[in-house]
């Protein structure tokens, strides 16, 4: 994998997208995903706030910064060791592309090498059974007891690893201008309890819609 030459992504079809990010399979390694800032997000943000980049030192890459911080937080208890958290998508680095700076992340793949199903996929396809429910409870126990910050705990942001556990692929960090939850474990747990309740309600709504 060439990490020096900027990747050409603009001619490729994204495999995922959200309000702030586009996600591509790495053109040289299908085990790796490339996350870039969605050009539409940049356009909307600049149109709404023409001084955004001047006031925000990191500009449109705040979501990347949040994700990287929580990635490091999850490893803080094991300094000097290879100890990636199984419940957070592993970040491999930052690279240049023809669409701007991008995050390289380890793809969560199924047994056939395709992108692993999300929790939403499992529920909507009727594959959310007892094993998956137990795996989700294990993930939620970890989420509640860890000091990682979460802002979007939705069914779209959890992928099922072929080993059976769930991995959070987006939605990490604190969007608040002053991240109070980063210095208050009590507020962090309180907020995550709220997000867990909302996720359970989302799952129930998806099951009723089957």
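The values are calculated or read from the model by the stated rules, or taken from the named source; none is laboratory data. It should be emphasised that the depicted structure is a prediction, and the values quoted were computed from it without experimental measurement. Neighbour counts run over all protein chains shown; Cβ positions are idealised from the backbone, glycine included.
Kindly provide the set of residues from segment 12-34 that are in contact with a strand residue (DSSP E or B) (Cβ under 9 Å, 6 or more places away or on another chain) and part of a loop (DSSP other than H, G, I, E, B), ordered by number. Once the filter is applied, which keeps residues that are in contact with a strand residue (DSSP E or B) (Cβ under 9 Å, 6 or more places away or on another chain) and part of a loop (DSSP other than H, G, I, E, B), segment 12-34 yields 12, 13, 14, 15, 20, 27, 28.
To keep it simple, each residue is scored yes or no on (1) exposed (fewer than 13 other Cβ atoms within 10 Å of the Cβ); (2) out of contact with any helix residue (DSSP H, G or I) (no Cβ under 9 Å at 6 or more places or on another chain).
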| position | (1), (2) |
| --- | --- |
| 103 | no, no |
| 115 | no, yes |
| 120 | no, no |
| 132 | no, no |
| 141 | yes, yes |
| 144 | no, no |
| 155 | no, no |
| 165 | no, no |
| 174 | no, no |
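Identification of helices (runs of 4 or more DSSP H) wholly contained in segment 53-169 with 1 or more residues that are in contact with a strand residue (DSSP E or B) (Cβ under 9 Å, 6 or more places away or on another chain) and at pLDDT below 95 yields 62-73.
One residue stands out in segment 170-206 among those that are part of a loop (DSSP other than H, G, I, E, B) and closer than 28 Å to residue 121 by Cα: the one that is modelled with the lowest pLDDT, namely 175.
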